[in-house]
1. Any chance you could count how many residues in the stretch 238-262 are assigned to a loop (DSSP other than H, G, I, E, B) and over 11 Å from the mean Cα position of the chain (by Cα)?
2. Quick one: in the stretch 396-423, which of the residues that are under 25 Å from residue 317 (Cα atoms) and loosely packed, with under 11 Cβ neighbours inside 10 Å is modelled with the highest pLDDT?
3. Does residue 70 satisfy the criteria of being within 31 Å of the chain's Cα centre (by Cα) and surrounded by 14 or more Cβ atoms within 10 Å (Cβ to Cβ)?
4. Restricting attention to the stretch 93-105, and to residues there that are touching a residue at least 24 places away in the same chain (Cβ under 8 Å) and part of a strand (DSSP E or B), which single residue is farthest from the chain's Cα centre (by Cα)?
5. Here are some conditions: (1) modelled with pLDDT under 90; (2) farther than 25 Å from residue 265 by Cα; (3) in a loop (DSSP other than H, G, I, E, B). Residue 4 meets all but one. Which one does it not meet?
6. Scan the stretch 42-65 and give yes if some residue there is over 23 Å from the mean Cα position of the chain (by Cα), in a helix (DSSP H, G or I), in contact (Cβ under 8 Å) with a residue 24 or more places away in the chain and more than 23 Å from residue 299 (Cβ to Cβ), otherwise no.
7. Condition first: over 18 Å from residue 422 (Cα atoms) and part of a helix (DSSP H, G or I). Can you find one or more residues in the stretch 400-408 that meet it?
8. Go through the residues of the stretch 10-19 one by one and say whether even a single one is modelled with pLDDT under 90, assigned by TED's automatic domain parsing to the domain that holds residue 85 and farther than 18 Å from residue 92 by Cβ.
(Lines give C-alpha, C1' and ligand atoms only; values in the text may rest on other atoms or scores of the structure.)
Protein backbone atom coordinates (compact mmCIF):
# COMPACT_ATOMS: atom_id res chain seq x y z
CA UNK A 1 0.00 0.00 0.00
CA UNK A 2 1.26 3.42 -1.00
CA UNK A 3 0.86 5.23 2.34
CA UNK A 4 3.13 2.78 4.17
CA UNK A 5 6.13 3.74 2.07
CA UNK A 6 5.42 7.47 2.01
CA UNK A 7 8.30 9.25 3.70
CA UNK A 8 8.27 12.78 5.10
CA UNK A 9 11.44 14.80 4.46
CA UNK A 10 12.51 16.31 7.78
CA UNK A 11 15.17 18.75 9.00
CA UNK A 12 16.38 18.84 12.61
CA UNK A 13 17.33 22.12 14.31
CA UNK A 14 18.86 22.41 17.77
CA UNK A 15 18.57 25.98 19.13
CA UNK A 16 21.68 26.56 21.28
CA UNK A 17 20.54 29.44 23.50
CA UNK A 18 23.62 30.99 25.11
CA UNK A 19 21.64 32.64 27.91
CA UNK A 20 20.06 29.34 29.00
CA UNK A 21 21.03 28.20 32.49
CA UNK A 22 21.54 24.53 31.70
CA UNK A 23 23.16 24.11 28.32
CA UNK A 24 23.91 20.70 26.95
CA UNK A 25 26.83 20.23 24.58
CA UNK A 26 25.12 21.32 21.32
CA UNK A 27 26.64 18.63 19.05
CA UNK A 28 25.55 15.78 21.36
CA UNK A 29 22.08 17.32 21.79
CA UNK A 30 21.70 17.53 17.99
CA UNK A 31 22.88 13.92 17.59
CA UNK A 32 20.27 12.77 20.13
CA UNK A 33 17.54 14.78 18.37
CA UNK A 34 18.46 13.11 15.05
CA UNK A 35 18.23 9.70 16.78
CA UNK A 36 14.80 10.68 18.08
CA UNK A 37 13.66 11.50 14.55
CA UNK A 38 15.15 8.22 13.27
CA UNK A 39 12.90 6.36 15.73
CA UNK A 40 9.94 7.19 13.44
CA UNK A 41 10.20 5.05 10.30
CA UNK A 42 8.15 7.47 8.18
CA UNK A 43 10.64 10.32 8.64
CA UNK A 44 13.73 10.81 6.52
CA UNK A 45 16.15 13.29 8.07
CA UNK A 46 17.64 15.14 5.07
CA UNK A 47 19.68 17.62 7.11
CA UNK A 48 20.35 19.11 10.52
CA UNK A 49 22.16 21.98 12.18
CA UNK A 50 22.74 23.86 15.42
CA UNK A 51 21.42 27.43 15.52
CA UNK A 52 23.18 29.62 18.11
CA UNK A 53 21.00 32.27 19.73
CA UNK A 54 21.69 34.76 22.50
CA UNK A 55 18.01 34.44 23.53
CA UNK A 56 14.75 33.11 22.11
CA UNK A 57 12.58 35.69 20.26
CA UNK A 58 9.04 35.55 21.72
CA UNK A 59 7.17 35.70 18.39
CA UNK A 60 9.31 33.61 16.05
CA UNK A 61 12.06 32.04 18.19
CA UNK A 62 14.77 33.09 15.67
CA UNK A 63 15.75 36.50 14.29
CA UNK A 64 14.44 37.56 10.85
CA UNK A 65 17.80 37.08 9.07
CA UNK A 66 18.14 33.50 10.36
CA UNK A 67 14.50 32.75 9.42
CA UNK A 68 15.16 33.85 5.81
CA UNK A 69 18.40 31.86 5.63
CA UNK A 70 16.70 28.71 6.91
CA UNK A 71 13.71 29.24 4.58
CA UNK A 72 16.03 29.10 1.56
CA UNK A 73 17.75 26.00 2.97
CA UNK A 74 14.45 24.17 3.52
CA UNK A 75 13.18 25.10 0.06
CA UNK A 76 16.36 23.89 -1.63
CA UNK A 77 16.13 20.55 0.22
CA UNK A 78 12.35 20.13 -0.30
CA UNK A 79 11.82 19.90 3.45
CA UNK A 80 8.24 19.11 4.56
CA UNK A 81 8.71 18.97 8.32
CA UNK A 82 11.03 20.88 10.67
CA UNK A 83 11.82 19.32 14.06
CA UNK A 84 12.99 21.82 16.65
CA UNK A 85 14.88 20.22 19.53
CA UNK A 86 13.44 22.30 22.34
CA UNK A 87 10.19 23.94 23.43
CA UNK A 88 8.28 26.03 20.87
CA UNK A 89 5.26 28.10 21.90
CA UNK A 90 2.00 27.79 19.91
CA UNK A 91 2.51 31.36 18.60
CA UNK A 92 6.08 30.63 17.49
CA UNK A 93 4.91 27.40 15.83
CA UNK A 94 2.17 29.14 13.83
CA UNK A 95 4.46 32.00 12.76
CA UNK A 96 7.32 29.74 11.69
CA UNK A 97 5.00 27.40 9.78
CA UNK A 98 3.61 30.41 7.91
CA UNK A 99 7.10 31.78 7.13
CA UNK A 100 8.66 28.47 6.08
CA UNK A 101 5.56 26.80 4.51
CA UNK A 102 6.34 23.55 6.36
CA UNK A 103 4.90 21.61 9.29
CA UNK A 104 6.77 22.03 12.57
CA UNK A 105 7.09 19.83 15.65
CA UNK A 106 8.94 20.71 18.83
CA UNK A 107 10.72 18.18 21.05
CA UNK A 108 7.60 17.36 23.08
CA UNK A 109 5.52 16.82 19.92
CA UNK A 110 8.16 14.52 18.46
CA UNK A 111 8.49 12.46 21.66
CA UNK A 112 4.69 12.13 21.81
CA UNK A 113 4.74 10.84 18.22
CA UNK A 114 7.34 8.22 19.16
CA UNK A 115 5.43 7.19 22.28
CA UNK A 116 2.24 6.80 20.25
CA UNK A 117 4.13 4.66 17.75
CA UNK A 118 5.63 2.39 20.41
CA UNK A 119 2.94 2.00 23.09
CA UNK A 120 1.79 -1.61 23.12
CA UNK A 121 -0.39 -2.21 26.18
CA UNK A 122 -3.87 -0.77 26.62
CA UNK A 123 -2.59 1.39 29.46
CA UNK A 124 0.36 2.66 27.43
CA UNK A 125 -1.95 3.71 24.58
CA UNK A 126 -4.40 5.48 26.92
CA UNK A 127 -1.64 7.34 28.70
CA UNK A 128 -0.06 8.55 25.47
CA UNK A 129 -3.46 9.74 24.24
CA UNK A 130 -3.97 11.70 27.45
CA UNK A 131 -0.52 13.28 27.27
CA UNK A 132 -1.08 14.17 23.61
CA UNK A 133 -4.46 15.77 24.33
CA UNK A 134 -3.04 17.86 27.19
CA UNK A 135 -0.29 19.03 24.85
CA UNK A 136 -2.68 19.77 21.99
CA UNK A 137 -5.10 21.61 24.24
CA UNK A 138 -2.57 24.45 24.50
CA UNK A 139 -2.10 24.54 20.72
CA UNK A 140 -5.31 23.81 18.90
CA UNK A 141 -3.37 23.58 15.66
CA UNK A 142 -3.41 20.43 13.54
CA UNK A 143 -0.17 19.16 14.99
CA UNK A 144 -0.03 15.69 13.49
CA UNK A 145 -1.49 16.04 9.98
CA UNK A 146 1.91 15.86 8.30
CA UNK A 147 2.02 12.15 9.14
CA UNK A 148 -1.29 10.83 7.82
CA UNK A 149 -0.37 7.27 8.54
CA UNK A 150 -2.52 4.20 8.76
CA UNK A 151 -1.08 2.70 11.93
CA UNK A 152 -1.81 2.34 15.62
CA UNK A 153 -1.12 5.07 18.10
CA UNK A 154 -3.08 8.30 18.10
CA UNK A 155 -6.20 7.31 16.19
CA UNK A 156 -7.92 10.62 16.89
CA UNK A 157 -5.29 12.81 15.28
CA UNK A 158 -3.77 12.78 11.84
CA UNK A 159 -6.77 11.75 9.75
CA UNK A 160 -8.00 14.25 7.13
CA UNK A 161 -11.01 16.28 8.29
CA UNK A 162 -10.55 15.48 11.98
CA UNK A 163 -10.75 19.07 13.16
CA UNK A 164 -13.15 18.70 16.09
CA UNK A 165 -10.58 17.80 18.76
CA UNK A 166 -8.18 20.55 17.76
CA UNK A 167 -10.87 23.15 17.25
CA UNK A 168 -12.82 22.79 20.46
CA UNK A 169 -11.31 22.69 23.94
CA UNK A 170 -14.48 21.28 25.43
CA UNK A 171 -14.25 18.29 23.08
CA UNK A 172 -10.69 17.71 24.31
CA UNK A 173 -11.76 17.98 27.94
CA UNK A 174 -14.62 15.50 27.38
CA UNK A 175 -12.19 13.13 25.73
CA UNK A 176 -9.76 13.49 28.67
CA UNK A 177 -12.53 12.66 31.17
CA UNK A 178 -13.43 9.53 29.14
CA UNK A 179 -9.79 8.46 28.95
CA UNK A 180 -9.28 8.96 32.69
CA UNK A 181 -12.25 6.67 33.36
CA UNK A 182 -10.89 4.00 31.02
CA UNK A 183 -7.45 4.37 32.56
CA UNK A 184 -8.84 3.94 36.09
CA UNK A 185 -10.29 0.56 35.00
CA UNK A 186 -7.02 -0.50 33.40
CA UNK A 187 -5.01 0.57 36.46
CA UNK A 188 -7.36 -1.50 38.67
CA UNK A 189 -6.66 -4.56 36.51
CA UNK A 190 -2.94 -3.87 36.80
CA UNK A 191 -3.27 -3.64 40.58
CA UNK A 192 -4.87 -7.09 40.63
CA UNK A 193 -2.00 -8.41 38.50
CA UNK A 194 0.50 -6.75 40.82
CA UNK A 195 -1.18 -8.24 43.90
CA UNK A 196 -1.03 -11.65 42.25
CA UNK A 197 2.67 -11.06 41.57
CA UNK A 198 3.27 -9.95 45.18
CA UNK A 199 2.28 -13.45 46.21
CA UNK A 200 5.08 -14.84 44.07
CA UNK A 201 8.07 -15.20 46.35
CA UNK A 202 10.50 -13.99 43.67
CA UNK A 203 12.09 -10.58 44.14
CA UNK A 204 11.67 -8.00 41.33
CA UNK A 205 14.84 -6.69 39.68
CA UNK A 206 14.16 -3.61 37.50
CA UNK A 207 16.44 -2.45 34.70
CA UNK A 208 16.46 1.33 34.34
CA UNK A 209 18.67 3.69 32.39
CA UNK A 210 18.96 6.39 29.79
CA UNK A 211 17.43 5.50 26.46
CA UNK A 212 19.75 3.43 24.26
CA UNK A 213 21.91 2.33 27.22
CA UNK A 214 21.50 -1.33 26.23
CA UNK A 215 18.86 -2.43 28.76
CA UNK A 216 16.87 -4.54 26.31
CA UNK A 217 20.02 -6.25 25.01
CA UNK A 218 20.99 -7.10 28.59
CA UNK A 219 17.43 -8.25 29.34
CA UNK A 220 17.47 -10.52 26.27
CA UNK A 221 20.86 -11.93 27.19
CA UNK A 222 19.65 -12.87 30.68
CA UNK A 223 16.16 -14.10 29.76
CA UNK A 224 16.58 -15.31 26.21
CA UNK A 225 13.47 -13.23 25.49
CA UNK A 226 12.92 -11.65 22.13
CA UNK A 227 12.28 -8.09 23.35
CA UNK A 228 12.75 -5.45 20.65
CA UNK A 229 16.39 -4.39 21.07
CA UNK A 230 17.26 -1.92 18.35
CA UNK A 231 19.72 0.90 18.30
CA UNK A 232 16.80 3.24 18.52
CA UNK A 233 15.62 5.69 21.12
CA UNK A 234 12.57 4.55 23.07
CA UNK A 235 12.66 1.02 21.67
CA UNK A 236 10.85 -0.22 24.82
CA UNK A 237 7.82 1.58 26.15
CA UNK A 238 5.84 -0.92 28.14
CA UNK A 239 7.59 -2.86 30.88
CA UNK A 240 8.35 -6.41 29.89
CA UNK A 241 8.60 -8.82 32.77
CA UNK A 242 10.04 -12.33 32.85
CA UNK A 243 10.60 -14.80 35.66
CA UNK A 244 14.18 -16.01 35.26
CA UNK A 245 16.68 -18.04 37.22
CA UNK A 246 19.94 -16.13 37.35
CA UNK A 247 22.92 -18.05 35.92
CA UNK A 248 25.39 -19.97 38.12
CA UNK A 249 22.65 -21.38 40.40
CA UNK A 250 21.49 -17.88 41.26
CA UNK A 251 18.08 -17.09 42.76
CA UNK A 252 14.88 -16.94 40.73
CA UNK A 253 13.84 -13.33 40.11
CA UNK A 254 11.34 -11.35 38.07
CA UNK A 255 13.31 -9.17 35.67
CA UNK A 256 11.59 -6.01 34.44
CA UNK A 257 12.74 -4.01 31.41
CA UNK A 258 11.48 -0.41 31.33
CA UNK A 259 11.25 2.57 28.99
CA UNK A 260 14.49 4.50 28.54
CA UNK A 261 14.72 7.87 30.24
CA UNK A 262 15.76 11.00 28.39
CA UNK A 263 16.75 14.53 29.37
CA UNK A 264 14.02 17.18 29.17
CA UNK A 265 11.35 14.48 29.04
CA UNK A 266 8.07 16.37 28.61
CA UNK A 267 6.41 16.72 32.01
CA UNK A 268 3.14 15.35 30.63
CA UNK A 269 4.96 12.14 29.81
CA UNK A 270 6.75 11.75 33.13
CA UNK A 271 3.31 11.89 34.72
CA UNK A 272 1.70 9.74 32.03
CA UNK A 273 4.26 6.99 32.39
CA UNK A 274 4.42 7.01 36.15
CA UNK A 275 2.17 3.94 36.24
CA UNK A 276 4.23 2.21 33.57
CA UNK A 277 7.25 2.75 35.80
CA UNK A 278 5.46 1.51 38.91
CA UNK A 279 7.33 -1.75 38.49
CA UNK A 280 10.50 0.18 39.31
CA UNK A 281 8.97 1.62 42.47
CA UNK A 282 7.96 -1.88 43.58
CA UNK A 283 11.36 -3.40 42.78
CA UNK A 284 13.53 -5.11 45.39
CA UNK A 285 16.67 -4.15 43.44
CA UNK A 286 17.30 -1.60 40.69
CA UNK A 287 19.96 -2.10 38.02
CA UNK A 288 20.93 1.29 36.59
CA UNK A 289 22.32 0.46 33.14
CA UNK A 290 24.64 3.10 31.64
CA UNK A 291 26.19 3.42 28.19
CA UNK A 292 29.69 4.00 29.51
CA UNK A 293 31.04 4.57 25.98
CA UNK A 294 28.81 7.62 25.44
CA UNK A 295 30.59 10.98 25.79
CA UNK A 296 27.74 12.32 27.96
CA UNK A 297 27.35 9.24 30.17
CA UNK A 298 27.63 11.33 33.38
CA UNK A 299 24.85 13.74 32.32
CA UNK A 300 22.67 10.82 31.26
CA UNK A 301 23.16 9.10 34.63
CA UNK A 302 22.22 12.33 36.41
CA UNK A 303 19.02 12.61 34.33
CA UNK A 304 18.06 9.04 35.26
CA UNK A 305 18.67 9.70 38.96
CA UNK A 306 16.58 12.86 38.97
CA UNK A 307 13.65 11.15 37.17
CA UNK A 308 13.76 8.27 39.69
CA UNK A 309 13.65 10.88 42.44
CA UNK A 310 10.69 12.62 40.76
CA UNK A 311 8.89 9.29 40.55
CA UNK A 312 9.35 8.93 44.29
CA UNK A 313 11.65 5.94 44.37
CA UNK A 314 12.62 5.01 47.91
CA UNK A 315 16.21 5.66 48.94
CA UNK A 316 16.03 2.31 50.72
CA UNK A 317 15.82 0.40 47.43
CA UNK A 318 19.29 -1.06 46.77
CA UNK A 319 20.87 -0.13 43.43
CA UNK A 320 23.64 -1.62 41.32
CA UNK A 321 25.22 0.48 38.58
CA UNK A 322 25.98 -1.43 35.37
CA UNK A 323 28.50 0.24 33.07
CA UNK A 324 27.49 -1.32 29.77
CA UNK A 325 29.04 -1.23 26.25
CA UNK A 326 32.68 -1.60 27.34
CA UNK A 327 33.11 -3.49 24.04
CA UNK A 328 32.84 -0.11 22.27
CA UNK A 329 35.82 1.37 24.16
CA UNK A 330 39.40 1.06 22.94
CA UNK A 331 41.67 -1.29 24.93
CA UNK A 332 43.20 1.40 27.20
CA UNK A 333 39.88 3.06 28.05
CA UNK A 334 38.27 -0.33 28.64
CA UNK A 335 41.03 -1.31 31.05
CA UNK A 336 40.68 1.99 32.94
CA UNK A 337 36.87 1.67 33.19
CA UNK A 338 37.05 -1.96 34.39
CA UNK A 339 39.72 -1.03 37.00
CA UNK A 340 37.60 1.89 38.27
CA UNK A 341 34.47 -0.27 38.51
CA UNK A 342 36.40 -2.91 40.48
CA UNK A 343 37.54 -0.27 42.97
CA UNK A 344 34.08 1.17 43.57
CA UNK A 345 31.32 -0.53 45.53
CA UNK A 346 28.19 -1.57 43.60
CA UNK A 347 29.53 -0.85 40.09
CA UNK A 348 30.09 -3.46 37.38
CA UNK A 349 31.66 -2.90 33.95
CA UNK A 350 30.03 -5.22 31.42
CA UNK A 351 29.25 -5.84 27.78
CA UNK A 352 25.74 -7.15 27.19
CA UNK A 353 26.89 -8.04 23.66
CA UNK A 354 30.06 -10.03 24.44
CA UNK A 355 29.04 -11.16 27.94
CA UNK A 356 32.19 -9.76 29.59
CA UNK A 357 31.69 -8.95 33.28
CA UNK A 358 28.18 -10.44 33.50
CA UNK A 359 29.08 -13.29 35.88
CA UNK A 360 30.34 -10.83 38.51
CA UNK A 361 27.19 -8.76 38.03
CA UNK A 362 24.94 -11.83 38.53
CA UNK A 363 26.86 -12.76 41.70
CA UNK A 364 26.34 -9.20 43.02
CA UNK A 365 22.59 -9.37 42.29
CA UNK A 366 22.32 -12.69 44.15
CA UNK A 367 24.32 -11.26 47.08
CA UNK A 368 22.25 -8.04 47.23
CA UNK A 369 19.00 -10.00 47.27
CA UNK A 370 20.29 -12.53 49.84
CA UNK A 371 21.55 -9.81 52.17
CA UNK A 372 18.03 -8.47 52.39
CA UNK A 373 16.82 -11.66 54.11
CA UNK A 374 16.60 -11.99 57.87
CA UNK A 375 16.44 -15.06 60.11
CA UNK A 376 13.69 -15.38 62.73
CA UNK A 377 12.11 -18.04 64.94
CA UNK A 378 8.30 -18.14 64.97
CA UNK A 379 6.09 -19.95 67.52
CA UNK A 380 2.89 -21.28 65.96
CA UNK A 381 0.05 -23.09 67.73
CA UNK A 382 -1.50 -26.24 66.24
CA UNK A 383 -4.51 -24.16 65.12
CA UNK A 384 -2.33 -21.96 62.88
CA UNK A 385 -2.09 -24.56 60.14
CA UNK A 386 -2.81 -22.03 57.36
CA UNK A 387 0.14 -19.82 58.38
CA UNK A 388 2.43 -22.85 58.65
CA UNK A 389 1.38 -24.10 55.20
CA UNK A 390 2.06 -20.61 53.75
CA UNK A 391 5.61 -20.58 55.19
CA UNK A 392 6.38 -23.94 53.59
CA UNK A 393 4.82 -22.86 50.27
CA UNK A 394 7.02 -19.74 50.26
CA UNK A 395 10.10 -21.91 50.82
CA UNK A 396 11.32 -19.82 53.79
CA UNK A 397 11.42 -22.60 56.43
CA UNK A 398 14.98 -23.48 57.50
CA UNK A 399 14.12 -25.77 60.47
CA UNK A 400 11.06 -26.87 62.45
CA UNK A 401 10.63 -28.37 65.93
CA UNK A 402 7.34 -29.67 67.32
CA UNK A 403 6.48 -28.57 70.88
CA UNK A 404 3.62 -29.36 73.25
CA UNK A 405 1.76 -26.21 72.12
CA UNK A 406 2.58 -26.33 68.39
CA UNK A 407 5.67 -25.59 66.31
CA UNK A 408 8.91 -23.59 66.60
CA UNK A 409 9.78 -22.63 63.03
CA UNK A 410 13.07 -21.00 61.96
CA UNK A 411 12.57 -18.90 58.82
CA UNK A 412 14.86 -17.00 56.45
CA UNK A 413 12.77 -14.43 54.62
CA UNK A 414 12.69 -11.05 52.93
CA UNK A 415 11.00 -7.96 54.37
CA UNK A 416 8.35 -8.37 51.67
CA UNK A 417 7.57 -11.95 52.76
CA UNK A 418 7.49 -10.90 56.42
CA UNK A 419 4.95 -8.18 55.60
CA UNK A 420 2.83 -10.67 53.61
CA UNK A 421 2.91 -13.13 56.53
CA UNK A 422 1.63 -10.45 58.90
CA UNK A 423 -1.46 -9.91 56.73
CA UNK A 424 -2.44 -13.61 56.83
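1. Summing the residues that are assigned to a loop (DSSP other than H, G, I, E, B) and over 11 Å from the mean Cα position of the chain (by Cα) in the stretch 238-262 gives 6.
2. Going through the qualifying residues, I end up with 422.
3. No: the conditions fail for residue 70.
4. Ranking the candidates gives 103 first.
5. (3)
6. Within the stretch 42-65, none of the residues are over 23 Å from the mean Cα position of the chain (by Cα), in a helix (DSSP H, G or I), in contact (Cβ under 8 Å) with a residue 24 or more places away in the chain and more than 23 Å from residue 299 (Cβ to Cβ).
7. Scanning the stretch 400-408, I find no residue that is over 18 Å from residue 422 (Cα atoms) and part of a helix (DSSP H, G or I), so the answer is no.
8. yes
The values are calculated or read from the model by the stated rules, or taken from the named source; none is laboratory data. Quick caveat, the model's predicted, so the values are computed rather than measured. All Cβ positions, even for glycine, are placed from backbone atoms using ideal geometry, and neighbour counts span all protein chains on display.
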